[in-house]
Structures are given as structure tokens and as C-alpha cells.
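Participant: Dropping the structure in here first, questions after.
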Amino acid sequence: MAFISSGYDPKQPMKDRITDIGPKDYKEFLPPVIKKNYGKWLYHEILEPGVLMHKAESGDEVYTVRVGSPRLMGVQTIREICEIADKHCGGHVRWTTRNNVEFMVDSKDKVAPLKEDLLSRKHTGGSFKFPIGGTGAGMTNIIHTQGWVHCHTAASDASGTVKAVMDDLFDEFTQMRLPAQLRVSMACCVNMCGAVHCSDIGFVGYHRKPPIIDHKILDQICEVPLAVAACPTAAIRPTKVDLPDGTKVNSVAIKNERCMFCGNCYTMCPALPLSDGQGGDGLIIMVGGKVSNRISNPKFSKVVVDFVPNEPPRWPTLVKKVRQIVEAYSKGAHKYERLGEWAERIGWERFFEVCDLEFTWHLIDDFRDPAYETWRQTTNFKF
Amino acid sequence: MAKHKTPLLDELEKGPWPSFVSDIKREAESRAKNEKGVEYQIPVDVCDDLLGVLELSYTDGETHWKHGGIVGVFGYGGGVIGRYCDQPEMFPGVAHFHTVRVNQPSGLYYSTEFLNKLCDLWEFRGSGMTNMHGSTGDIVWLGTTTPQLEEIFYELTHNLDTDLGGSGSNLRTPACCLGMSRCEYSCIDAQDLCNDLTHEFQDFLHRPAFPYKFKFKMDGCPNGCVASIARSDLSFIGLWKDNIRINQEAVRAYIGGEIPPNGGAHAGRDWGKFNIQKEIIDLCPTKCMWMEGDTLKINDKECNHCMHCINAMPRALRIGEDTGCALLLGAKAPILDGAQMGTLVVPFIKCESPYTEIKDLIEKLFEFWMEEGKNRERVGETMKRIGLYKILQVLEVEVDARVVQEPRTNPYIFWKEEEVTGGWDRKIEDYRSRHKM
Ligand code: HEM
Ligand code: HEM
Ligand code: SF4
Ligand code: SF4
Ligand code: SF4
Ligand code: SF4
């Protein structure tokens, strides 16, 4: 493995340096039919799950086949996507905001061969490489974050939980039989690097044990003031500690009852790990959020399951609870009604009943100001 | 032959949904075979070791990644995230496994020619594993070593005409929906606006100057496909001000059942015959629609452009022609004082290239926030701390009843002295001349 230079000279970093050029111009990448009819689309139709037809004022049509992806993919798979796009789509392809891939063709007769080609491709393990769906009143791909594949604060795995839930609800991806869109998201810690806080269903990895303090090394590898400042709830203070061997070291003390298990301190100071595979870490489930302004205002998701254990590799409890919620929603909601609108119409007390979920004290908000607004200030409730 | 046994991960190769485990294995095998004779610049077995360390996490239920050490490219304060494995002896291939964020093209369209070049570079100088795309919108490349960072940056800028994205207390890579390129609902050219602002504010994107991160996102209409209202410090949402365009013939075709409602989105279940009264008119949140015989009427002045009727009858109804966008400020995830949606600060602004008016507003906002924002305070939190009115003053926009959901429920108004007749400077003698002690 010999080092091959790109042309960059470490002794003269500024030589020939190009900076601040930004992304490549998107216009270079538009398929001809898209470029021609840009801003002149009349209407669209979903011809079948995963297949859209957009009609332009010019009379042109573009047919889009949408397929799911695991988001985490290697360049071999991306090259295969390119090969398909070269074969069927004149060398153009796009991704959606929810990690689906869209193949576009400019006439209807090109759709069937494209679909057939996509569905014929499977991984050696048996899963589809390019399942078609994710449109209309159904479930689309689950937005998710890094998890154990790449993040230091992850309390659960993102790719694994998503794969387990998508396998179980695969039919909702390939069909359109729900009352409205169902947007599901996953974040692997309470930082929630995604729109989990505004999704129909979200599951979030979280820790439940405060950091362990590695007194022996803390002062050597961390800046104590930075660790103290990192804590959003001011649970950390500087202190001096006697080690078993008699030496006195600078370290920190943590007020455990103030800790909200966010992991910010660990980001600043690796001597404060908080992951715990011995019963501490797991997931919560949140529901009822939305970002669209359709009919009702955008809404935040609410926590409806206080804890689901980490059960790799297939997280059966998580999968089961998500299914319970989807089935109750599918049965109870009116046409066009999003999950949160349905829950508000029937009342949250009824939601817990029909989803067969337990309401525990953990679900009563006691975190700062917004909590009050979630308590009930009326006699309009149901028995 | 696989380097590590991965019995737990192997379970995730089963089932219909595309398996990320199969995908990593595929990359591992391709590197081991190396049919194209690539001179890999980072360990050949990087993907095997990624599977190995992931299997370890599946066994013990804990992550094995560490934060630590600032890495990056010369002159930039973002775009690369340092990542190290805490079991480097067991998994030397991923001992250093940094993330590179590559700025995506607006709207996420690609030519295969460009994509293949990206793949060649990343296979050569990194693990080959990617996220298409990260939640912010970037192309995310997972896993390379420190010496490769400058080389990757050099090749990206010299050969691929592409830059890194943002991370840290920077402007983050702006993102948009696909807008006018293929959506008939788009009231603004979301892609162009996104691309334009990304270029305009390059300096902020690459060099930390803010108290904390700052995100722009653009949705072409209130459907919000890029979730800007929930995820961006400054959200642009396309709107129209005039009338919904109605094709009465198509309305009748929907009523007659000739066109499936909502573009066919509900085709998978028998919801019964389409009923315009029940499904459109009664669900309109402002109750501004009615039928006169077989003609659909809309009192457009009362419409709040929620999109429902247009979504449900796309062939009969179209957005208006006097278009622009609303600006909403300060959305964020729940960390720390609870989640915030974007708050409306500008109900309507014209949105046409070169976007001068919009850029002026942004500059005022940045200047103010760099001055007044506390360290690690999102702009939404700054706004909460100092109040919405102060922000409107900063932006020099007029006060408008549209920016509140409802007026205040307390009379604790902080009047300004100049607003009160006679001012606050009063003499006790005058008062006493009217009131004895
Ligand atoms: C029938 C009307 C609608 C049409 C024609 C439509 C069109 C689209 C298009 C073209 C995309 C791809 C956007 C992109 O990748 O940039 C998309 C994605 C999305 N839309 Fe809509 N939209 C509609 C209604 C809605 C509504 C009502 C909502 C929310 C309630 C919504 C939420 C989303 C979300 C979250 C995505 C990302 C999904 C994905 O990429 O798989 N859309 N929509
Ligand atoms: C102080 C709290 C936070 C910390 C310490 C943190 C840390 C990180 C780290 C280390 C990553 C990189 C993961 C990787 O690639 O290995 C990341 C990714 C990301 N973060 Fe955060 N984060 C925090 C809060 C947030 C919040 C509140 C948001 C959203 C508003 C956010 C948005 C993102 C996004 C979009 C990504 C990319 C994730 C992906 O595409 O999977 N972060 N964060
Ligand atoms: S949600 Fe948490 S664990 Fe997941 S990528 Fe973001 S910071 Fe890391
Ligand atoms: S995990 Fe968060 S709340 Fe707990 S001590 Fe660390 S920084 Fe503070
Ligand atoms: S936000 Fe509106 S304009 Fe943009 S893709 Fe979604 S429906 Fe279309
Ligand atoms: S867009 Fe919404 S508010 Fe306006 S007429 Fe249609 S349903 Fe009513």
C-alpha cells in the first residue's frame, strides 16, 4: 500500500489550493425531460405503489420509480445504481430526502423493464437491493442516524433497528393502504440528529445511567472546565479525589439525580463514558409528530413508550410495539388523518387503550417550562 | 472468507428490506478481491473490521467509537468529524475512521458520470462506505485516516469541482426539496435558492464564526418534504398569495370518480366513493370552500394555504401565481429546553434570483446573532431569551398579527417611555398637588 499523492504538497498547503467553491451546480445533473419542463409541471399521479407520473404543460411525462435503500451503502452498490441508471435512465438518478433512490424515464413503456430489472436484484443474503414503494398513503423509508456503526454517544444501533422494523412493516412500504403518509424516524441518542421529534413514529436510543468517572485519567486527558461546561443541567462540578494508591487528583463529581443522560460530557471528555449494555441502554418510542401544514399545524412527537430494551440483532420488543401502533392507527384513523391527528381526535387516554400500551409516570412531562402545557386543564376527557 | 465471524449481524441479512450488513460485506469482498487493482490508501480490510467492531457492539450492547482529536483540512473549521475505535488492536482497519461530509448538489440529482467519479475517489482513499445522505443533506463518507484528508480535499476540489459540507459551529450544508424540477406544488425555486445561498455564504460554512450550528432548509410548499419547519434555524417555505387556480371540469371528473383522489395515494384500500363534501370541503381547516351546483368555489382570502385540497385534487387545483416564501426562525431538536418549531418572522417575501432582499435579512440576522448569541445557543434559543419582537426589530420587518398564533394572555407589557404620553419623568410635587399624603 504505497502512499499516492493527489498533488497536494504538505510543505506548501496553500499552493494551488482551491477553497470555497461549494457544491457542483445541480443543473448539470437534471435529466433532459426534467430540465426542459422545470417549473412547468401540471400534475402528478401515483400509477401504482412506488411509480409516479408527472405531467408537464408541454404534454411531456416523466415516470419515476422509487426504491428503498439502507442509506448505509458501499460504492459497489452505488455503482450498481449507476449501471441501472445508464441502462434505463440515460445516466441520471436522484435520491429523495428520505434516502430513497428515484429512477426516472421519459415514457411509459420504459417503466416495466426498469421495474423488472430493479426487483430482480437481490443481495446474496436474500434481501431486495431495490424494493419498489414508499409513495402515497403508506410508509416510506425510515430516516435514521449513525448508531453503533459510527457514533460515540449511540445508545442503540440505527441501521439494525431500522432494518428490523422495515422488514416487519415491509408491506406498508410496498402498498398504500394506510389512512395517510406514515413517516418514521430513528435517532440513536437524545441529541436526535434527525427529525425524530416531528415524526408520526420515532424511536430514540437513550442511556439511563449517569457517566462512570475514570478519576485516574480524567485530568490527564480532559480539560475539567470544558467537561463541567458541557453539562446542560449543571450536574458536573470540579473536585479533588483520592485514588486508592493515595495520590490526590483533579477530577469531577456528578450529581446523578440531575443527569439527563445526554452524553455531552462524554463528547468533551472520554473519561466520562456512559454506554451500558448491562440493562441501562435502550429505546423510547415517540408518536404523533408531523412537519406538513396540511389540515392541521405541524406537531411534535410525544413519548408513548418509556423504555424498550436493546435486543440485538432484531429488537423484537421494539418491532412488536411499533406494529401495535401502526395497526391501531390503520384501523382507527379516517382517510387523510395523520397519526397525531387521529390520537388527538380520540384522545391520548384512548390512544393508550387501543394501542395496548401502558401509561406510566415516566410519560408525565416534568422537564422544564413546556411541561405545564402538556398537563390537562379541562374536564373534557374520556372514561 | 470473512475475517471475523458475525453470527448476530448475519441475522440482519434475512428479510426483504435491503440489508446494510450485506452491503458492508459486499464492499469487504470487493476490496479483498480487488479485481480492478486499486492501490487502496487505507487498510484493505477496513470493511471487515467495521463488521467486526459492529458485531462486538451487537454482543455487548455498547458503542465502540470514541470522539477526540480535532481533525480537518487546512483553513476549514468543519466538514470532517474525527472518529476512533476503542479496540484498535482487535480492529486495526478502523482504528482511525473519520467522517467526511461532501456538499451534495441541490435536489440530490446526479449524473452517473459524477457519481462514479465520487465512488472511485472514495474507494481509493477511504472505506468505500457512505451514507446517501446524512440527515443534514450531505453525502457522508464513513471512514478514512488523517493523512488522507488533505488528499481527498485536493482531489474533490481539483478534479470533481466539489467542496466539503459544514459541521461544528458553522453554517451547515443547506438542503432543499426537489422543488420546481419535478413538483407542481413548488412556489419557489427551492434548488436554486439553496444553491445560491450555499455559494453566497461559503465563508460561514467553512469557518466557525457562530455561537453554534446554523441550518438553512427550503421547502417549496407547506407540505414540507425536507422538514425545514422542524429542523432548520432558518426555514424557507414557499407560498402563494393570490388565488388557487381551479379547473372546474377536472373537479367534476373527481366527483364523478374518473380521477382517483390525492394522485392515487389511497389506492391500496377501498375507502368508498370519493365525496367532495366530506373529503375536501369539510376537511378544509378554514371552511372557505363550498359547491354551487357542480361548481367549486373558494373564498381565497380566507384560505390559509394548508395544501389539503390541492394535494387531494392535483388535476383540478393548482397553487396561485403570486408566489414567494415565508421565513420561519429557530427550529431545533429537544436538546435542551425542549423542541422548537420554526417561528414565523416574515409572512411573505418575494423569492427571485439574485435574492437580494433575502440575503439582506440573513446578513442582519447573522450580525446580530454573532454579537448577542451565547456560546452553544441555537438562534431559536436566543430568540426565546430576548423575545420575538426584538428579532423583528433586528430584521427590520414590520410587526404583523400573522407572526403570533394568538396575542399575549397577560398584560405585562414593557412599554417604552416614548410611547407613553408625557413620558415617565414625573414630579412628585405635581402629584402631591392633586393628592394629599
Ligand atoms: C400529494 C401531494 C404530494 C406530492 C405530490 C408530494 C411530492 C413529494 C415529492 C416530489 C417528494 C420527493 C421530494 C424530495 O426528495 O426532495 C416528496 C417527499 C416527501 N413528502 Fe411529499 N408530496 C405530497 C404531499 C406530502 C405531504 C402532505 C406530506 C406531509 C404530510 C409530505 C411529506 C413528504 C416527506 C416527508 C417526503 C420525504 C419522503 C421521501 O423522500 O421518501 N408530502 N413528496
Ligand atoms: C450537543 C449535542 C450533540 C452532539 C454531541 C452531537 C454529535 C454528533 C456527532 C458526533 C455526529 C456525527 C456522527 C458520525 O458521523 O459519527 C453527529 C451527527 C449529526 N448531528 Fe449531531 N450532535 C448533537 C446534537 C445534534 C442536534 C440537536 C442535531 C439536530 C438539530 C444534530 C444534527 C446532526 C446531524 C443531522 C448529524 C448527521 C447525522 C446523520 O446523518 O446520520 N446534532 N452529531
Ligand atoms: S443521534 Fe446521537 S448517537 Fe446518533 S449520530 Fe446523533 S449524536 Fe450520534
Ligand atoms: S450525560 Fe449529560 S446530563 Fe449527564 S452529566 Fe453528562 S452532560 Fe450532564
Ligand atoms: S415541499 Fe412541496 S414543493 Fe417541495 S417536494 Fe414537497 S410537495 Fe413538492
Ligand atoms: S389550501 Fe387548505 S385552507 Fe386553502 S382552500 Fe385548500 S383546504 Fe382550504
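The values are calculated or read from the model by the stated rules, or taken from the named source; none is laboratory data. Here the structure is a predicted model, which is why all the values come from computation and not from measurement. We place every Cβ from the backbone using ideal geometry, glycine too, and count neighbours over all the protein chains shown. SASA here: full protein model, heavy atoms, side chains in, ligands and nucleic acids out. Shrake-Rupley method; radii C 1.70, N 1.55, O 1.52, S 1.80 Å.
Participant: Here are B:Ala333, B:Ala312, B:Ala267, B:Ala326: which of them is at the interface with chain A (Cβ under 8 Å from one of its Cβ atoms) and within 30 Å of B:Trp369 (Cβ to Cβ)?
Facilitator: B:Ala333
Participant: Tell me, which residue of the range A:177-206 that is away from ligand 5 (no atom under 16 Å from the Cβ) and in a helix (DSSP H, G or I) is farthest from the other protein chains (Cβ to nearest Cβ)?
Facilitator: So the residue we want is A:Val196.
Participant: Out of the residues in the range B:250-278 meeting the condition of being over 17 Å from A:His44 (Cβ atoms) and in contact (Cβ under 8 Å) with a residue 40 or more places away in the chain, tell me which one is surrounded by the fewest Cβ atoms within 10 Å (Cβ to Cβ).
Facilitator: Result: B:Arg252.
Participant: Could you list, in sequence order, all residues of the range B:1-12 that are facing chain A (nearest Cβ under 7 Å) and in contact (Cβ under 8 Å) with a residue 12 or more places away in the chain?
Facilitator: B:Leu8, B:Leu9
Participant: For the range B:156-177, name all the residues that are assigned to a loop (DSSP other than H, G, I, E, B), open to solvent by 10 Å² or more (accessible area, probe 1.4 Å) and at the interface with chain A (Cβ under 7 Å from one of its Cβ atoms).
Facilitator: Answer for the range B:156-177, where residues must be assigned to a loop (DSSP other than H, G, I, E, B), open to solvent by 10 Å² or more (accessible area, probe 1.4 Å) and at the interface with chain A (Cβ under 7 Å from one of its Cβ atoms): B:Asp161, B:Cys177.
Participant: In addition: Taking into account only those residues within the range B:279-309 that are more than 8 Å from ligand 6 (Cβ to nearest atom), assigned to a helix (DSSP H, G or I) and surrounded by fewer than 20 Cβ atoms within 10 Å (Cβ to Cβ), which is nearest to the other protein chains (Cβ to nearest Cβ)?
Facilitator: Result: B:Ile281.
Participant: Could you check the range B:22-39 and list, in sequence order, the residues that are open to solvent by 10 Å² or more (accessible area, probe 1.4 Å) and either free of Cβ contacts under 8 Å to residues at least 40 places away in the same chain or assigned to a loop (DSSP other than H, G, I, E, B) (or both)?
Facilitator: Matches in the range B:22-39: B:Lys25, B:Arg26, B:Glu29, B:Ala32, B:Lys33, B:Asn34, B:Glu35, B:Lys36, B:Gly37, B:Val38, B:Glu39.
Participant: Let me ask something else about it. Could you tell me whether B:Asn116 is open to solvent by 10 Å² or more (accessible area, probe 1.4 Å) and not aromatic (Phe, Trp, Tyr)?
Facilitator: yes
Participant: Moving to a separate point now. State which residue is nearest to B:Thr173 (Cα to Cα) when the search covers only the range B:64-78 and only residues that are facing chain A (nearest Cβ under 8 Å) and open to solvent by 10 Å² or more (accessible area, probe 1.4 Å).
Facilitator: That would be B:Tyr76.
Participant: Ok, one more. Given the condition in contact (Cβ under 8 Å) with a residue 60 or more places away in the chain and at the interface with chain B (Cβ under 7 Å from one of its Cβ atoms), answer yes or no: does some residue in the range A:76-93 qualify?
Facilitator: Within the range A:76-93 (the criterion being in contact (Cβ under 8 Å) with a residue 60 or more places away in the chain and at the interface with chain B (Cβ under 7 Å from one of its Cβ atoms)), the answer is yes, since at least one residue qualifies.
Participant: Of the residues that sit in the range A:129-156 and are under 15 Å from B:Ile24 (Cα atoms) and at the interface with chain B (Cβ under 7 Å from one of its Cβ atoms), which one is nearest to ligand 6 (Cβ to nearest atom)?
Facilitator: Top of the filtered list is A:Lys129.
Participant: Same structure, new question: Against the definition (open to solvent by 10 Å² or more (accessible area, probe 1.4 Å) and within 16 Å of ligand 6 (Cβ to nearest atom)), how does B:Glu150 come out, yes or no?
Facilitator: So B:Glu150 fails the test.
Participant: Sticking with this one: If B:Ala2 satisfies every condition in (1) open to solvent by less than 10 Å² (accessible area, probe 1.4 Å); (2) not assigned by TED's automatic domain parsing to the domain that holds B:Met90 but one, which is the exception?
Facilitator: (1)
Participant: Open to solvent by less than 30 Å² (accessible area, probe 1.4 Å) and closer than 23 Å to B:Asn195 by Cα: which single residue out of B:Gly330, B:Gly373, B:Gly320, B:Gly380 fits that description?
Facilitator: Going through B:Gly330, B:Gly373, B:Gly320, B:Gly380 in turn, the sole match is B:Gly330.
Participant: Right, another one. Return the only residue of A:Lys240, A:Lys209, A:Lys163 being in a strand (DSSP E or B) and of a type in the set (D, E, K, R).
Facilitator: Result of the check over A:Lys240, A:Lys209, A:Lys163: A:Lys240.
To keep it simple, each residue is scored yes or no on (1) at the interface with chain A (Cβ under 9 Å from one of its Cβ atoms); (2) open to solvent by 10 Å² or more (accessible area, probe 1.4 Å).
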| site | (1), (2) |
| --- | --- |
| B:Asp49 | no, no |
| B:Val53 | yes, no |
| B:Val80 | no, yes |
| B:Glu89 | no, yes |
| B:Tyr110 | yes, no |
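Participant: With B:Gly268, B:Gly257, B:Gly224, B:Gly272 as the choices, which residue is within 13 Å of the chain's Cα centre (by Cα) and part of a loop (DSSP other than H, G, I, E, B)?
Facilitator: B:Gly224
Participant: Right, here's the next one. Considering only strands (runs of 3 or more DSSP E) fully contained in the range A:1-91, which possess at least 3 residues that are of a type outside the set (S, T, N, Q) and open to solvent by 30 Å² or more (accessible area, probe 1.4 Å)?
Facilitator: A:41-48
Participant: Could you please let me know if A:His123 is within 16 Å of ligand 3 (Cβ to nearest atom), open to solvent by 10 Å² or more (accessible area, probe 1.4 Å) and facing another protein chain (nearest Cβ under 8 Å)?
Facilitator: The answer is no for A:His123.
Participant: Would you say B:Phe204 is within 28 Å of B:Ile42 (Cα to Cα), away from ligand 5 (no atom under 16 Å from the Cβ), open to solvent by 10 Å² or more (accessible area, probe 1.4 Å) and part of a helix (DSSP H, G or I)?
Facilitator: For B:Phe204, the condition - within 28 Å of B:Ile42 (Cα to Cα), away from ligand 5 (no atom under 16 Å from the Cβ), open to solvent by 10 Å² or more (accessible area, probe 1.4 Å) and part of a helix (DSSP H, G or I) - is not met.
Participant: Does B:Ile188 satisfy the criteria of being open to solvent by less than 10 Å² (accessible area, probe 1.4 Å), among the β-branched types (Val, Ile, Thr) and under 23 Å from the mean Cα position of the chain (by Cα)?
Facilitator: So B:Ile188 passes the test.
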